[in-house]
Amino acid sequence: MSEYAVESRARERFPLGWWGVAMLIATETALFGMMVGSYIYLRLKAPVWPPRGIPEPKLVVPLILLGVLLVSTLPMWRATQSATPKRWLLLALVLQAGYFAMEVQLYHDDLQHFTPQQHAYGSLYYTLLGADHGHVAVGLLLNLWLLWKLLHGMTRYRRNALRAIAFYWYAVAVLTVIVTLTVLSPAFAR
Amino acid sequence: MTTTVTERVDLLERQWAERPGVLGWLTTTDHKRIGLLYFWATLVFFGAGGVEALLMRTQLAQANQHIVGPETFDQLFTVHGMTMIFWFIIPMTTGAFGNYLVPIMVGARDMAFPRMNALSFWIFAGSGILLYAGMAAGAGPDAGWFNYVPLSARLFDPGRNIEIYTLSLALNGMASTLTSANLIVTIFKLRAPGMSFNRMPLFCWAFLAASLGLIFALPSLTVDLLFLYLQRNLGFHFFDVAHGGSSFLWQHLFWFFGHPEVYILIVPAFGIATEIIPAFTRRKMLAFPLIAIAEILVVFIGFGVWAHHMFATGLPSTTLVFFAAATSMVVIPSTIQVFAWSMSILTGRPRFTTPLLFIVGFIVMFVVGGLTGVMFLAIPFDQQVTDTYFVIAHFHYIIFGAAVFPIFGGMYYWFPKVTGKLYFERPGQISFWILFVGTNLLFFPMHIVGLLGMPRRVYTYPGNVGWTSYNLLETVGGYITAIGILFLFANLVVSYLRGAPAGPDPWHGPTLEWTIPSPPPEYNFATIPTVTSAYPNWDGDAPVSIALDAGHKQHVSTISDGWTAEIVDMPHASPWPILLAATLTICFALLVVAKFMVAAIVLVVVGLTLVGWHMKEPQES
């Protein structure tokens, strides 16, 4: 028979999976930091930004969408606190999916006005936004997977996954604030 | 009800037994097996990088030689640099040494994420296959290991060579990131009870520093690679001056990664030195906390010095002076460590066995390489010798002398632990002396020939400029070095076959790996020990705090003081990591040839593999 003699001085606040996501967020933050740094670097070297022939970014719709994404972190947080997280997770998913669909539409609309092949401005604009939208898409897939798992009940593994994925979403929200403000900055500076 | 020691060990043997045969190795999640896989794979790449070096040295032994043409020579020096940095030193230190030793040294039974650990190895293997498949197809990277734009832009390099560079490095970086994340969480969360940070071995401090460096430095390279790939294949303009880009952007991003990378290469070697020195001088390390801080500081300062690689590019003087001053700060933590190693040896009772000889050789070569590094702080001097063999001499003293010598010393030091056999001492010492002489003969004349003006990366040179005799000496040194390496491995192979049994602790080493059998069992520790100092094996029998034998279990500790917080189930062998790595490698290979639609389909398979990976959940206990 097995024997335990566990001397437990403290309950752990964060599971190992949470720490794994913390490492992912650390390295992804550095990744976005480098991209935003590249944007600032090329912007400071350019006489006109965006260059002539490329419209300045519009402010209103992207800022409203940013607000929607930020609001979606509240039901994510509630899901981590709740004994019945499914409905909170579903609410977050609806907000996030709405955000994503609108952003993809905006991305598509922008491509009608200027392309990444036109100028380094466009290259950075679409790469930054594309990388950010990619992270949102991954988050959506994670939430879908988690919801599907939770349909079969709650386990310790799923509770840990929920906390880790919620942490991922908080980070994505912060990164999206940074990316959005960066790509909208020419309109602010007007 | 209690169990006897024998019953407990029998139980653990059954619970942790690995699947036999080749399938067992392909699906393993055991950190020791993954460490050995890393070891053997990196040795293959080391051999390839060594052959490339010897080909270059053979070509340059005399003036006006044409053993290989300029295109092949371009690929040789590019792939040699990439291989030695990304496919030998980093994976040998973090992948092989880190994987095998860090969990044992902190008192854990495995890495924090065993399947992710296997994934990192198989992605690493895939990245190496991609690089050398490109080389075999005549499309090896050919714009130098730092791949400056515009030379690497499609206009000047229209083949697929640079796609092999960008995508094999991106895959390799993914593997390194996974290993680093795993090492950091293992060090933070799986330490034995009582192992607060001030009791953690300096080896683990060094690997923590290197892993943190990789986590924050590699993204800069990844962004650079992504930008270049998009520019070359989809017509973006990040580095294209005519369309608002800047070729400086490549250099800034590359060196923001590249300089921390140099310290990431050597800090694990510092960690190896700080294990070997106490074991063979029979004294604790001097200035233990200062060394730990210095190991972290070296990497931290490394993030603020990148532009010293760009002194000859026309940056403003203020920038140059700032980066020269910032670079000079690296001297402080480096010197602290050199003094601590030297004084620990001088004030101890040293036994100059093979591992310690390699560490003494390392200190000598690190000081020489460090002093020439300080010379580069003088901006006019740097501008004079930029792109000459003086630079090659400097960084080979650092990378070969300071990073690889401790790796060799570490191979000898932990050989008894990994194999259960003692190595033959006299041939070991002979291998050190051959390598020490060969390496200095190979690299020292490069200082002189560099000062005489010989540029790097030339595939041949005229006979009337006074470089020939130095080049001949270097080539002789290269072959002596190769003989030394072959002799070293021959000794280890013969020792494995005929060496005497080592027992658990042949050196009376200070850290936890010397408290368990050689080779270690799958579960590492039958009972998890309590740690009361940084030298637990010198403290006598440690009290047992946890007897985990109710399954595939691992304790998780609190960050600051290492007290047990919870017990978790660890995954068993799994086929998903190798499947995921294989599909990911195929996806990247398709991107090399710009088959975007097929790559997108394979990416869906990658996603499905991830779903399969997570279908089975650990059982609730």
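Against the condition within 14 Å of chain B (Cβ to nearest Cβ) and within 15 Å of the chain's Cα centre (by Cα), how does A:Phe100 come out, does it pass? Spelling it out, it is not the case that A:Phe100 is within 14 Å of chain B (Cβ to nearest Cβ) and within 15 Å of the chain's Cα centre (by Cα).
For B:Phe366, only one of the following conditions fails: (1) surrounded by fewer than 17 Cβ atoms within 10 Å (Cβ to Cβ); (2) out of contact with any Leu (no Cβ under 8 Å at 6 or more places or on another chain). What is its number? Condition not satisfied by B:Phe366: (1). Selection within the stretch A:47-83: residues that are surrounded by fewer than 16 Cβ atoms within 10 Å (Cβ to Cβ), outside any helix (DSSP H, G or I) and aliphatic (A, V, I, L, M). The member of this set that is nearest to the other protein chains (Cβ to nearest Cβ) is A:Val48. Only residues that are crowded, with 17+ Cβ neighbours inside 10 Å and of a type outside the set (Phe, Trp, Tyr) were counted in the stretch B:588-602, giving 6. Across the stretch B:248-287, the qualifying residues are those that are under 21 Å from B:Lys417 (Cβ atoms), small (Gly, Ala, Ser) and within 18 Å of the chain's Cα centre (by Cα), and the one among them that is farthest from the other protein chains (Cβ to nearest Cβ) is B:Ala273. Of all residues in the stretch B:1-30, those that are within 14 Å of chain A (Cβ to nearest Cβ) have Cβ atoms under 8 Å from Cβ atoms of residues that are among the β-branched types (Val, Ile, Thr), 6 or more apart or on another chain, in B:Arg8/B:Thr527; B:Leu11/B:Thr3. Checking each residue in the stretch B:221-239 for being touching a residue at least 40 places away in the same chain (Cβ under 8 Å) and at the interface with chain A (Cβ under 7 Å from one of its Cβ atoms) picks out only B:Thr222. Scoring B:Ile332 on the criteria (1) touching a helix residue (DSSP H, G or I) at 6+ places or on another chain (Cβ under 6 Å); (2) surrounded by fewer than 22 Cβ atoms within 10 Å (Cβ to Cβ) leaves a single failure, condition (1). For B:Gly107, state whether it is on the phi > 0 side of the Ramachandran plot and in contact (Cβ under 8 Å) with a residue 60 or more places away in the chain. So B:Gly107 fits the description; yes. Every condition in (1) part of a helix (DSSP H, G or I); (2) modelled with pLDDT of 95 or more holds for B:Val374 except the one numbered (2). Can you name the residue in the stretch B:166-198 that is surrounded by fewer than 24 Cβ atoms within 10 Å (Cβ to Cβ) and not in a helix (DSSP H, G or I) and, of all such residues, is nearest to the other protein chains (Cβ to nearest Cβ)? Ranking the qualifying residues of the stretch B:166-198, first place goes to B:Gly194. Tell me whether the stretch A:138-147 contains one or more residues that are more than 11 Å from chain B (Cβ to nearest Cβ), at pLDDT 95 or above and closer than 30 Å to A:Tyr39 by Cα. Checking the stretch A:138-147: at least one residue is more than 11 Å from chain B (Cβ to nearest Cβ), at pLDDT 95 or above and closer than 30 Å to A:Tyr39 by Cα. Residues of the stretch B:203-240 that are farther than 18 Å from A:Ala131 by Cα and not hydrophobic (A, V, I, L, M, F, W, C): B:Ser211, B:Gly213, B:Arg232, B:Asp240.
Between A:Tyr170, A:Tyr125, the distinction of being surrounded by fewer than 21 Cβ atoms within 10 Å (Cβ to Cβ), at pLDDT 95 or above and among the hydroxyl-bearing types (Ser, Thr, Tyr) belongs to A:Tyr170 only. None of B:Phe227, B:Phe238 is buried (at least 24 other Cβ atoms within 10 Å of the Cβ), farther than 18 Å from B:Leu171 by Cα and not acidic (Asp, Glu) except B:Phe238. Among A:Ala161, A:Ala120, A:Ala187, A:Ala92, which is the only one that is surrounded by fewer than 20 Cβ atoms within 10 Å (Cβ to Cβ) and among the small types (Gly, Ala, Ser)? So the residue among A:Ala161, A:Ala120, A:Ala187, A:Ala92 that is surrounded by fewer than 20 Cβ atoms within 10 Å (Cβ to Cβ) and among the small types (Gly, Ala, Ser) is A:Ala187.
Looking at B:Thr585, B:Thr564, B:Thr558, which is the one that is among the polar types (S, T, N, Q), free of Cβ contacts under 8 Å to residues at least 24 places away in the same chain and crowded, with 20+ Cβ neighbours inside 10 Å? Write out each step before concluding.
Working: B:Thr585 fails: free of Cβ contacts under 8 Å to residues at least 24 places away in the same chain; B:Thr564 fails: free of Cβ contacts under 8 Å to residues at least 24 places away in the same chain.
When all the criteria are applied, what remains is B:Thr558.
Is it true that A:Leu128 is touching a Phe, Trp or Tyr at 6+ places or on another chain (Cβ under 8 Å), among the aliphatic types (A, V, I, L, M), over 22 Å from A:Asn160 (Cα atoms) and in contact (Cβ under 8 Å) with a residue 40 or more places away in the chain?
Values: touching a Phe, Trp or Tyr at 6+ places or on another chain (Cβ under 8 Å): yes; among the aliphatic types (A, V, I, L, M): yes; over 22 Å from A:Asn160 (Cα atoms): yes; in contact (Cβ under 8 Å) with a residue 40 or more places away in the chain: yes.
Taking the combined requirement at face value, the residue satisfies it.
From the set of residues in the stretch B:1-50 that are among the charged types (D, E, K, R) and part of a helix (DSSP H, G or I), which is surrounded by the fewest Cβ atoms within 10 Å (Cβ to Cβ)? Per the criteria, the residue is B:Arg14.
Only one residue in B:Val476, B:Val449, B:Val404 is in a helix (DSSP H, G or I), under 19 Å from B:Phe77 (Cα atoms) and in contact with an Asp or Glu (Cβ under 9 Å, 6 or more places away or on another chain), so which one is that?
Values: B:Val476 fails: in contact with an Asp or Glu (Cβ under 9 Å, 6 or more places away or on another chain); B:Val404 fails: in contact with an Asp or Glu (Cβ under 9 Å, 6 or more places away or on another chain).
Only one candidate qualifies: B:Val449.
Among residues of the stretch B:199-220 being in a helix (DSSP H, G or I) and surrounded by fewer than 24 Cβ atoms within 10 Å (Cβ to Cβ), the one that is farthest from the other protein chains (Cβ to nearest Cβ) is B:Arg199.
The values are calculated or read from the model by the stated rules, or taken from the named source; none is laboratory data. Model, not experiment: these values are computed from the prediction. FYI the Cβ positions are ideal-geometry reconstructions off the backbone, even for glycines, and counts take in every protein chain you see.
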